[in-house]
Amino acid sequence: MKKVLLAATLAAATVTTGTAFAQANDTIAKVKAANKVVMGTRESSAPLAYTLGNNQFTGYHVELCQRILKSVFPNTPVEYVAVTSANRIPLVQNGTVDIECGSTTNNEARQKDVAFALTTYVTEVRTAVKNNSGIKSVADLNGKTVATTTGTTSVALLRKNKRAQGIQFKEVYGKDHADSFLLMESGRADAFVMDDNILAGLIAGSKNPKDFAIVGETLNVEPIAIMLRKDDPKFKQAVDDYIRKAMKDGEIKALYDKWFMKPIPPKNTSVNLPMGKILTELVANPNDKPAEAFNNQ
């Protein structure tokens with residue numbers, strides 16, 4: 001009897017392990033088994049993804065993902081997990097979140113660890129400063145303190161830029177984008193280098209938006225996309241199919257207009273960033289190419 005019970009236990013364990021293994025890179029099976037889908041998102045990446053408090057998240061990418069998940073997993077509850085620049089990739093890899101809907105750049109290095117849906121936003125890395133700082137270009141950062149967010153690539157891009165050759169500056173890091181902006185706003189940093197949409201969103205939500213400006217040369221063009229687990233073509237195809245249709249029927253343009261051109265919560269101010277040429281072209285001809293494909297042309 002003990003041998004029979006042991007064999008049954010081992011068989012059950014094998015089935016369970018096999019199921020878990022099968023679901024490791026099968027998001028659709030994992031979600032169905034758990035009867036919930038977990039969305040990773042950001043707390044201070046307005047207007048793409050940000051919190052209104054009390055575990056309420058909103059923004060361009062949050063709403064787009066909500067629509068995608070409702071289509072792929074109808075009547076399935078969505079659980080939200082706040083992620084950071086530092087932990088977002090590991091949390092996708094280990095299955096803590098099923099889909100990451102924030103402000104993540106699709107690049108070749110990250111493609112080794114995760115997958116990306118079709119590009120749904122394109123940002124330019126630039127610099128936010130106080131209007132009275134006197135900073136107008138990369139050259140003006142010489143001798144200054146530059147803030148950026150832990151886990152992002154912005155300062156590395158600044159150092160590699162040919163316009164920064166011979167320039168010396170000190171680096172300080174915020175734990176998230178709101179913290180990085182506060183470093184600049186409070187005078188602990190002279191500038192904050194980050195994606196222009198994030199800078200615009202933080203400025204729009206600040207106490208005195210007219211006190212700040214986005215200046216200087218474009219340091220990099222970055223395709224921003226929804227992040228997925230690697231080697232899960234079935235789920236990626238489902239997400240891409242929704243995005244492709246949304247681009248074709250005008251849904252993406254309407255969402256963009258809502259989040260970038262009209263007043264948004266919580267302060268009902270507008271980011272006022274019209275859709276750029278590159279994203280307009282991507283809406284007409286979608287792709288999931290990494291940043292290197294945009295910056296090596």
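The values are calculated or read from the model by the stated rules, or taken from the named source; none is laboratory data. Every value quoted in this text rests on a predicted model; they were computed, and no experiment measured them. Every residue, glycine among them, receives a Cβ derived from its backbone with ideal geometry; neighbour counts consider all protein chains shown. Surface accessibility is based on the protein's heavy atoms, side chains included, excluding ligands, DNA and RNA. Shrake-Rupley method; radii C 1.70, N 1.55, O 1.52, S 1.80 Å.
Okay, here's what the table says:
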quantity: Accessible surface, per residue, of the chain when the full set of protein chains is kept, probe 1.4 Å, Å²; calculated: 48
quantity: Surface share of carbon and sulfur [accessible, 1.4 angstrom probe, percent] for the chain; calculated: 53
quantity: Spatially proximal lysines relative to Lys248 (Cα-Cα < 28 Å; intrachain offsets below 8 disregarded); calculated: Lys70, Lys230, Lys234, Lys236, Lys258, Lys262, Lys277, Lys289
quantity: Surrounding net charge for Ser186, when Lys and Arg each add one and Asp and Glu each subtract one, Cβ distance under 13 Å; calculated: -1
quantity: Alpha carbon centroid spacing (whole Å) that separates region 121-155 from region 232-248; calculated: 34
quantity: Amide H within-cut-off set for Ile226, under 5 Å, with H built and near neighbours excluded; calculated: Ala117, Thr120
quantity: Within the chain: Cβ-based charge dipole about Cα centre, in debye rounded to nearest 20 (Lys, Arg +1; Asp, Glu -1); calculated: 320
quantity: Distance histogram in 10 Å bins (all Cα pairs of region 190-297, percent per bin); calculated: 11, 36, 35, 15, 2
quantity: The chain, helix-only ellipticity at 222 nm - DSSP H runs n ≥ 4, -39,500 (n - 2.57), divided by all residues, nearest 500; calculated: -11000 deg cm²/dmol
quantity: Dipole magnitude of region 113-257 about its Cα centre (Cβ charges: Lys, Arg +1; Asp, Glu -1), debye to nearest 20; calculated: 300
quantity: Amide hydrogen neighbours beyond the local backbone of Val146, cut-off 5 Å, H modeled; calculated: Lys170, Glu171, Val172, Asp190
